[in-house]
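Scroll down for the structure; my scribbles are underneath it.
The values are calculated or read from the model by the stated rules, or taken from the named source; none is laboratory data. Please read all numbers here as calculations on a predicted model, not as lab measurements. FYI the Cβ positions are ideal-geometry reconstructions off the backbone, even for glycines, and counts take in every protein chain you see. In case anyone asks, the SASA skips ligands and DNA or RNA and just uses the protein heavy atoms, side chains included. Shrake-Rupley method; radii C 1.70, N 1.55, O 1.52, S 1.80 Å.
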Amino acid sequence: MTPRTMAGPMVFRDSSAQSRHRPTATQAAATAILLISLAQPGPVNAAGTFYLQYRHWQPYSWPGKEPTAKDVSRSQRELGWRYQGATSTVGLDYDYQPLRIRTGTPAHNGHLHRLTFGGEWQHNLYHLETQVGVAGTSNMFKHQDFHRQVLNGRLAAFRAWHEGSDLSVGVGGDHRFGSFRWLPRLRWAQSTDNGHWLMDLPVLLQWQNADHRWTIRMERAGDRWATLDKSREVESALYLREWRAELSYRLGFGNDSWPAVVLGLGASIDTRVRYQDLDAGTRDIRLGDRIFGRVMLSW
């Protein structure tokens with residue numbers, strides 16, 4: 001057996017225990033396929049959409065007085081699929097996000113991959129949002145060497161104040177504020193001649209004009225990625241969280257041969273990253289505020 005450390009106590013690799021505690025890519029894919037087959041919305045008013053998206057940030061200056069530290073570069077490539085019915089929406093999303101920290105001895109390689117399946121369901125007074133998936137560094141998927149933190153998820157459930165009410169109350173759990181936590185949620189959605197409003201406190205505030213071209217969005221973004229160091233001995237996790245504010249414009253709605261195009265300009269505010277450093281231990285760093293641009297194509 002080969003010793004394996006984990007941001008604290010030492011654990012040991014054992015072939016018999018590995019099958020019990022380490023989810024495989026095949027198991028994750030099978031789970032997603034099963035959930036999709038069970039959650040397919042009805043054919044009434046259904047529509048499928050495929051999208052590609054790219055987001056790029058200004059480089060982050062490394063905080064503190066470390067003369068050898070270089071700026072942290074960050075970008076995100078994403079593709080996904082949505083299927084929308086009369087009372088439900090399901091989707092499958094994949095994104096790859098290089099977060100290159102070039103100082104110290106990070107216990108991760110900075111190449112963050114995430115595959116998730118989720119959706120929203122409305123039934124009478126109740127609204128449900130779920131998401132399950134896997135998130136980890138590239139060496140985990142390359143060598144199929146996973147630990148339990150690779151499994152990830154979100155859940156939120158709401159109940160309308162009364163029949164016909166735009167206001168709902170509920171609870172949600174996710175990693176948007178760091179470690180997984182449950183928070184009370186207040187949701188309000190309304191459409192008027194002046195546009196479409198969606199408020200989901202404390203994680204989202206959005207306005208979209210009546211023809212769906214202009215969107216203003218303020219949201220809390222954050223998640224956890226399971227990590228391995230270069231030698232694949234140290235198991236840990238990276239937490240990335242921030243506030244995002246964005247103004248976006250839809251150039252067109254697309255047709256059979258041309259995609260719809262969305263351009264966005266925004267800012268990531270109070271961006272923080274927490275990870276394990278092989279020399280310094282756990283680091284919780286405030287990277288700061290940066291501008292980003294976004295382009296999305298959808299068919």
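Results, tabulated for the structure shown:
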| quantity | calculated |
| --- | --- |
| Phi to ³J(HN,Hα) by Karplus 6.51 cos²θ - 1.76 cosθ + 1.60 over the range 192-204, Hz, x for Gly, Pro | 9, 5, 8, x, 10, 10, 9, 10, 9, 7, x, 10, 7 |
| HN-Hα J in Hz across the range 129-146 - Karplus 6.51, -1.76, 1.60, θ = phi - 60°, x for Gly and Pro | 10, 9, 7, 10, x, 10, 8, x, 7, 5, 5, 5, 6, 4, 9, 6, 10, 9 |
| Solvent exposure of the range 74-132 as accessible area per residue, Å², 1.4 Å probe | 45 |
| Protein-only accessible surface order, largest first, of 50, 253 at 1.4 Å | 253, 50 |
| Ordering of 174-187, 99-112 by burial proxy (mean other Cβ atoms within 10 Å per residue, highest first) | 99-112, 174-187 |
| Largest to smallest accessible area among 214, 207 [probe 1.4 Å] | 214, 207 |
| Average accessible surface area per residue within the range 200-299, 1.4 Å rolling probe, Å² | 47 |
| Carbon plus sulfur fraction of accessible area for the range 113-191, probe 1.4 Å, in percent | 57 |
